[in-house]
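Structure first, then comments.
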Amino acid sequence: MSVKAEPLTPQALWEKCLHVLRENVGTATVTVLFQAVQPLSIKEDVFTIRVPSQFFYEYIEEHFSRLIVQTLRRHLGPKARLEYEVLTTLDVPTNLPSQTGPSPTILPGLRPRQSLPTNLNPKYTFDNFIPGTCNQLARSAGMTVAQRPGQTAFNPLFIYGEVGQGKTHLAHAIGNYARLLHPDKIITYLDADRFTQHYVDAVRSKQISTFLSRFENVDIFILDDIQFLIGRESTQDIFFHVFKSLHEAGRQLVITADAPPQELRGLAERITSRFSWGLAAQLLPPDYETRLQILQYKTRQEGLDIPENLLQYIAEHIQSHVRDLEGVLIQLMAEASINRREINLALAQEVIQRFQPYRSRAVTIEQIIQATSDYFRIHPEELRGKSRRKEIAYARHIAIYLSRKHTHHALKAIGERFGGRDHSTILHSLEWVESYLHTNRDLQKHVQELERILFKGA
Ligand code: ADP
Ligand code: MG
């Protein structure tokens with residue numbers, strides 16, 4: 001593939017992206033979602049698009065940015081990045097970087113720096129983190145450590161909860177608030193994958209001591225999703241070292257995970273036992289009141305006009321994560337602004353249906369395992385077993401995803417039915433499916449056909 005063979009116009013490059021999106025996501029979705037997006041400029045490696053609102057930005061970033069960036073890299077070279085200009089309600093453009101791809105400032109050898117960049121995402125703050133009984137302790141402890149980093153008993157502050165409950169939001173909010181209050185303090189946010197990647201790069205370039213020295217001056221270190229260190233022994237070692245020296249120096253540590261410390265099997269005991277020195281606070285699924293307030297807040301933010309009783313209706317019917325509440329709003333907005341439909345109860349019902357088409361029918365994990373193995377013509381025991389053969393692992397990912405989506409079992413219980421897998425393995429499958437579902441047509445087809453089989457006649 002030739003890189004930078006001839007200069008591309010933003011429009012032509014965007015057409016190429018749309019083409020790939022259509023191939024992967026389907027023409028209808030692309031037409032509805034992307035007609036409001038405008039390609040703006042190509043400056044060296046950076047392609048900037050204008051999106052009509054913060055919602056669009058978040059939605060595209062979450063679901064489509066990987067695919068877009070892949071296309072950009074094909075045409076602009078391996079360092080290509082996507083940036084957004086968001087038209088706010090005041091029509092003042094705000095530039096936001098895409099989170100996909102490496103952050104070149106920290107890669108060793110490129111531009112040597114004394115400490116680490118903050119990596120904080122300004123869109124996640126306490127102002128837009130709606131309080132509720134579901135997050136009371138975590139939220140107030142978070143504010144406290146931002147106010148008095150390293151000076152309270154909440155060190156480390158350990159925040160845990162299932163996917164989509166606001167851990168990442170809260171982690172950034174703590175960092176952003178601390179930065180506002182203490183502009184002189186050095187604050188660094190990393191998720192465990194990024195941490196691992198930096199460490200691996202450091203090992204490769206024989207720069208471990210540079211890697212470690214970057215943490216020396218950090219006053220507040222936030223590590224998101226520590227469960228991703230499971231199975232990475234040497235990264236755990238180095239993390240332990242960083243953790244210990246920062247803690248001894250009285251610096252603030254904030255850690256998030258998808259489970260409480262004692263359930264993080266596979267993380268070294270010497271690490272998890274130290275989490276109990278501070279405070280472990282749980283983020284629970286949002287209760288009705290909080291769901292309603294989140295909807296009210298987001299509609300106000302977007303300048304949407306949605307009657308109160310409709311918001312109540314949505315809050316009653318979407319009980320899973322905040323992410324789905326946002327999904328319903330963006331689809332309502334797309335239907336109203338692009339397809340010119342009136343936002344009323346009928347439309348709300350239709351959109352909610354898309355998020356939970358089969359809620360009323362009960363199905364068991366055993367039925368899911370049976371149906372999935374029939375569908376892929378493999379034996380149920382293979383699905384439960386240890387085989388890493390590609391077809392089997394693929395079918396297993398899907399069966400686990402369906403079990404989570406259509407039964408009320410916790411990750412741990414699902415793991416037990418799938419041959420005694422631990423919850424982080426289950427989480428990995430869920431994330432695998434979720435990250436490809438929006439962009440991989442085959443996967444979409446397999447999941448939908450299986451759902452049709454499982455719920456036929458519903
Ligand atoms: P997690 O990291 O736990 O998977 P995220 O922090 O990514 O979850 O949250 C998922 C989405 O829900 C984000 O868009 C986040 O802003 C939103 N969200 C979660 N909790 C709240 C809350 N209490 N108020 C407002 N938005 C929230
Ligand atoms: Mg997260």
Tell me whether segment 213-222 contains one or more residues that are within 16 Å of ligand 1 (Cβ to nearest atom) and of a type in the set (A, V, I, L, M, F, W, C). yes
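What number of residues within segment 316-349 are in a helix (DSSP H, G or I), open to solvent by 70 Å² or more (accessible area, probe 1.4 Å) and among the charged types (D, E, K, R)? Even if it seems obvious, please write down each step before you answer.
Going through segment 316-349, the residues in a helix (DSSP H, G or I) turn out to be 316-317, 322-337, 345-349.
After this cut, where a residue has to be open to solvent by 70 Å² or more (accessible area, probe 1.4 Å) as well, the list is 316, 323, 345, 349.
If we keep only those that are among the charged types (D, E, K, R) as well, we get 316, 323.
Matching residues across segment 316-349 total 2.
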From the list Ser435, Ser424, Ser429, pick out the single residue that is polar (S, T, N, Q), outside the structural domain of His317 (by TED's automatic domain parsing) and over 25 Å from Ile318 (Cβ atoms). Ser424
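Tell me, yes or no, whether segment 149-165 has at least one residue that is in a helix (DSSP H, G or I), open to solvent by less than 60 Å² (accessible area, probe 1.4 Å) and not aliphatic (A, V, I, L, M). Lay out the reasoning, then the answer.
Going residue by residue through segment 149-165, those that are in a helix (DSSP H, G or I) are none.
Taking every residue of segment 149-165 in turn, none turns out to be in a helix (DSSP H, G or I), open to solvent by less than 60 Å² (accessible area, probe 1.4 Å) and not aliphatic (A, V, I, L, M).
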Restricted to segment 183-195, and to residues that are surrounded by 16 or more Cβ atoms within 10 Å (Cβ to Cβ) and closer than 18 Å to Thr256 by Cβ, which residue is nearest to ligand 1 (Cβ to nearest atom)? Asp191
Gln236 touching a Leu at 6+ places or on another chain (Cβ under 7 Å), free of Cβ contacts under 8 Å to residues at least 40 places away in the same chain and either surrounded by fewer than 19 Cβ atoms within 10 Å (Cβ to Cβ) or part of a helix (DSSP H, G or I) (or both): yes
Within segment 202-231, residues more than 30 Å from Gln147 (Cβ to Cβ) and either in the same structural domain as Thr425 (by TED's automatic domain parsing) or aliphatic (A, V, I, L, M) (or both) come out as Ala202, Val203, Ile208, Ile230
Does Glu366 satisfy the criteria of being open to solvent by 30 Å² or more (accessible area, probe 1.4 Å) and in a helix (DSSP H, G or I)? yes
So for segment 166-182 (the condition being buried (at least 19 other Cβ atoms within 10 Å of the Cβ) and outside any helix (DSSP H, G or I)), does at least one residue qualify? yes
Assigned to a helix (DSSP H, G or I) and either within 13 Å of ligand 2 (Cβ to nearest atom) or of a type in the set (A, V, I, L, M) (or both), is that true of Asp201? no
Please name all residue pairs, on different chains or six or more residues apart, with Cβ atoms under 7 Å, provided the first residue is in segment 152-170 and is over 15 Å from Leu137 (Cα atoms) and within 14 Å of ligand 1 (Cβ to nearest atom) and the second residue is open to solvent by 20 Å² or more (accessible area, probe 1.4 Å) and at pLDDT below 90. Gly164/His321; Gly164/Val322; Gly164/Arg323
If we ask which residues in segment 171-182 are out of contact with any Asp or Glu (no Cβ under 9 Å at 6 or more places or on another chain) and more than 16 Å from ligand 1 (Cβ to nearest atom), their number turns out to be 3
Give me a count of the residues in segment 388-412 that are in contact (Cβ under 8 Å) with a residue 24 or more places away in the chain and open to solvent by 50 Å² or more (accessible area, probe 1.4 Å). 3
Counting residues that are within 16 Å of ligand 1 (Cβ to nearest atom) and open to solvent by less than 30 Å² (accessible area, probe 1.4 Å), which helices (runs of 4 or more DSSP H) fully inside segment 17-77 reach at least 1? 54-63, 65-76
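The values are calculated or read from the model by the stated rules, or taken from the named source; none is laboratory data. From a predicted model like this one, the values you see are computed outputs, not experimental measurements. In this analysis, Cβ positions are derived from the backbone assuming ideal geometry, glycine residues included, and neighbour counts consider all displayed protein chains. Side chains are part of the model used for accessible areas, which takes the heavy atoms of the whole protein and leaves out ligands, DNA and RNA. Shrake-Rupley method; radii C 1.70, N 1.55, O 1.52, S 1.80 Å.
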